[in-house]
1. Out of region 64-81, which residues are over 11 Å from the mean Cα position of the chain (by Cα) and closer than 24 Å to SER147 by Cα?
2. Out of region 20-43, which residues are of a type in the set (Asp, Glu) and either surrounded by 10 or more Cβ atoms within 10 Å (Cβ to Cβ) or modelled with pLDDT of 90 or more (or both)?
3. Could you list all residues from region 70-104 that are small (Gly, Ala, Ser) and either open to solvent by 60 Å² or more (accessible area, probe 1.4 Å) or in contact with an Asp or Glu (Cβ under 8 Å, 6 or more places away or on another chain) (or both)?
4. Condition first: outside any loop (DSSP other than H, G, I, E, B), aliphatic (A, V, I, L, M), closer than 21 Å to MET71 by Cβ and within 17 Å of the chain's Cα centre (by Cα). Can you find one or more residues in region 106-125 that meet it?
5. Could you look through region 124-149, keep only residues that are in contact (Cβ under 8 Å) with a residue 24 or more places away in the chain and under 16 Å from ARG97 (Cα atoms), and pick out the one that is surrounded by the fewest Cβ atoms within 10 Å (Cβ to Cβ)?
6. Out of curiosity, is LEU153 within 17 Å of VAL15 (Cα to Cα), among the hydrophobic types (A, V, I, L, M, F, W, C) and buried (at least 19 other Cβ atoms within 10 Å of the Cβ)?
7. Any residue in region 41-60 that's within 22 Å of LYS14 (Cα to Cα): show its pairings with residues that are modelled with pLDDT of 85 or more and surrounded by fewer than 10 Cβ atoms within 10 Å (Cβ to Cβ) at Cβ separation under 8 Å, as long as the two are six or more apart or on different chains.
Amino acid sequence: FCACMMDVMGIDGKVITIDCEPHWPGVYHKKELINVDGQVVPFDVEELKKPDHPKIKYIHSDCLEAKFPRMGAKVMVILDCDHSASHVYQELEKYSRLVTPGQYLIVEDTDAYYLEGGGPAGAIKLFLKKNKNFISEKSREKYGISSNIGGYLLRIS
């Protein structure tokens with residue numbers, strides 16, 4: 001999605017994705033049957049393959065141990081891995097250094113633990129207390145619909 005949006009917007013950039021799985025996990029038959037609105041329909045598992053696009057670079061590694069290539073003039077990061085507060089905080093510490101001023105560090109799935117203050121939301125709270133280079137940008141939560149409540153962190157310096 002991000003690579004295609006860059007194409008549409010005429011942005012010469014790249015998407016670097018880090019995943020510990022080199023392919024879709026599990027063993028699947030070519031066709032699986034899935035339930036859609038009460039009907040069992042065939043589904044082509046090939047659709048689950050990772051997309052091939054010239055702007056996408058795949059790194060197969062644990063995200064906290066990954067080595068990544070040199071970044072460009074503008075860098076945005078999206079975190080969506082392990083959702084424990086301690087792991088997300090480690091990701092924030094590691095990847096926040098890559099984000100350039102005026103760009104975003106987006107933490108996914110903060111809604112699941114937002115009210116309890118744990119998980120990604122708890123990590124963000126601790127990170128923002130210690131790091132004054134970022135602010136939570138609420139304007140990105142349009143119409144109050146978001147899985148990333150408080151998770152759009154704008155680098156201000």
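The values are calculated or read from the model by the stated rules, or taken from the named source; none is laboratory data. Keep in mind that this is a model prediction, so the values were computed, not measured. Every residue, glycine among them, receives a Cβ derived from its backbone with ideal geometry; neighbour counts consider all protein chains shown. Ligands, DNA and RNA are excluded from the accessible area calculation, which covers all protein heavy atoms including side chains. Shrake-Rupley method; radii C 1.70, N 1.55, O 1.52, S 1.80 Å.
1. Our first condition is that a residue be over 11 Å from the mean Cα position of the chain (by Cα); within region 64-81, this holds for 64-75.
The answer is LEU64, VAL75.
2. To start, the set of residues in region 20-43 that are of a type in the set (Asp, Glu) comprises 21, 32, 37.
Matches in region 20-43: GLU32 only.
3. To start, the set of residues in region 70-104 that are small (Gly, Ala, Ser) comprises 72-73, 84-86, 96, 102.
The answer is ALA73, SER86.
4. Of the residues in region 106-125, the ones outside any loop (DSSP other than H, G, I, E, B) are 106-107, 110-113, 119-125.
Narrowing further to those that are aliphatic (A, V, I, L, M): 106-107, 112, 121, 123-124.
Those left that are additionally closer than 21 Å to MET71 by Cβ: 106-107.
Of the ones still in play, those that are also within 17 Å of the chain's Cα centre (by Cα) are 106-107.
Yes.
5. So the residue we want is LYS132.
6. Working: within 17 Å of VAL15 (Cα to Cα): no; among the hydrophobic types (A, V, I, L, M, F, W, C): yes; buried (at least 19 other Cβ atoms within 10 Å of the Cβ): yes.
In short, no.
7. Final answer for the pair search is ILE59/LYS67.
Let's see how each residue does on (1) farther than 27 Å from ILE156 by Cα; (2) at pLDDT 90 or above:
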position	(1), (2)
VAL15	no, no
ILE18	no, no
ILE59	yes, no
LEU64	no, yes
MET71	no, no
ILE78	no, yes
THR100	no, yes
